[in-house]
Amino acid sequence: MGMGGSSLVFAEGYGALWGNPAGLANKKSLTLLDSSTWVYIRPTPHNIDNIFAVLNGGKSHDETKSILDGLIDENGFGGGEYLGFGWTGDGMGLGVTSITDAVVSGSGLSDSTLGIRSQTNAVLGMAWPIRFGAFELDVGASVRGYYRMETSSGGWAFDPLAEAVMTGSDIYTLIYPNKVIGGFGLSVDAGATLSFGPLGLGFMVRDLADRFAMSESTIEGIANACMVPLGGSDYYSVSPVYTAGLSLKLNPGSLLSASFFAEADDPISLFSDIESAPSKLHIGTEITLLRFLALRVGYNQGYVSFGAGLDLWVLEVNAAMFTEPVSVGDQTIGRTGIMVQAAIRF
């Protein structure tokens, strides 16, 4: 996220399980735990002070509502959590992840909705390195099975839920009637990278899949049946995502090294619609100092992001501030967030 989402095509090792599977060809790794937490909030001193004041009980009921009004109107707010582990080696990879994302959006508290999406993935991938002279071609593919569950009917009304929390009322009675939709899906991802010295070219496609069945249930129905919704007559269509990119890596493994990435979604359309190019580009730079400290900056579809990371033997810690485009009604806005990630990786 610190590099504007620009390194998916050239992801390696564990990252290749969720990016370009061609990156499984070379790097071996065992990830015992990979965890990320993020929140959607503009981290201004004013917003941070307000959030801590609310959490510490320093704001009245009306003041809290006013703060929520402002947060929702200017940026939306929410957060999410990612957990995963996996193994890669000898051109193969296995991994499992779980990701949950929740966002409150609207013009204010009174008309706000809560949207939640949760997905658990299991992936098996393979890749093959092909060398000819100074060139290396890596080709890979993976099969990814997943279970997805999300809020239905345009999300849940957030105002009564917030009111229940602020007043200490019974929130479960409000949650039980709300509906969710869920089901199993299967996707194929594939890609290739071609490298020549420090230069790299790559292409990948994710979510090659047929539609999959989903069914609707209420939270109360799930609680009573102890079963999430399965199958059904409603179908969710998955659209493939095509991405092409280039990379430049200078002095890799040295005390001072740098990497540059540029990627474009739906790259063929760039030639027919140049004006839309900024909304499809991901550009990022990473500078590594003393092999363990990384500084990053990125451009994510028209918005700037930045971050930093530490690689301390088996422990990796990263943080980023990002802005990403989201569709709200008939317009696109930038939603800002901050993310912290840590991993135990051998």
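Derivation of every value follows stated rules applied to the coordinates shown; laboratory data play no part. Quick caveat: nothing in here was measured; it's all calculated off a predicted structure. Positions of Cβ are generated from backbone atoms using ideal geometry, with glycine treated the same way; all protein chains shown enter the neighbour counts.
Show the residues, 5+ positions off or on another chain, whose built amide H is closer than 5 Å to the amide H of ARG335.
Placed amide hydrogens put GLU324, VAL326 under 5 Å from ARG335.
Would you kindly calculate the mean projected area, averaged across all directions, of the convex hull enclosing the Cα atoms of the chain, in square nanometres?
19.3
Cα centroid distance between the stretch 124-170 and the stretch 194-219, in Å?
Cα centres, the stretch 124-170 to the stretch 194-219: 10 Å.
Between the helical axis of 61-74 and the dominant principal axis of the chain, each derived from Cα atoms, what acute angle in degrees is found, rounded to the nearest 10?
Value to nearest ten degrees: 40.
Let me know the charge dipole size of the stretch 204-311 about its Cα centre in debye, to the nearest 20, where only the beta-carbon of Lys, Arg (+1) and Asp, Glu (-1) is charged.
Result for the stretch 204-311 is approximately 540 debye, rounded to the nearest 20.
In a shell of Cβ-Cβ distance under 9 Å around GLY202, excluding GLY202 itself, what net charge do Lys and Arg (+1) and Asp and Glu (-1) give?
-2
When only Cα pairs under 8 Å and 6 or more residues apart are kept, what is the percent relative contact order across the stretch 91-231?
Once normalised by length, the contact order is 21 percent.
Taking the alpha-carbon centroid of each part, what is the distance from the stretch 292-346 to the stretch 1-65 in angstrom?
Taking the Cα centre of the stretch 1-65 as reference, the centre of the stretch 292-346 is 6 Å away.
Dividing the alpha-carbon Rg of the stretch 232-316 by 2.2 N^0.38 Å yields what?
1.46
Quick one: helix 45-55 against the long Cα principal axis of the chain, what's the angle to the nearest 10°, folded into 0 to 90?
50
Taking 8 Å as the Cα distance limit and 6 or more residues as the minimum spacing, I'd like the relative contact order of the chain as a percentage.
19
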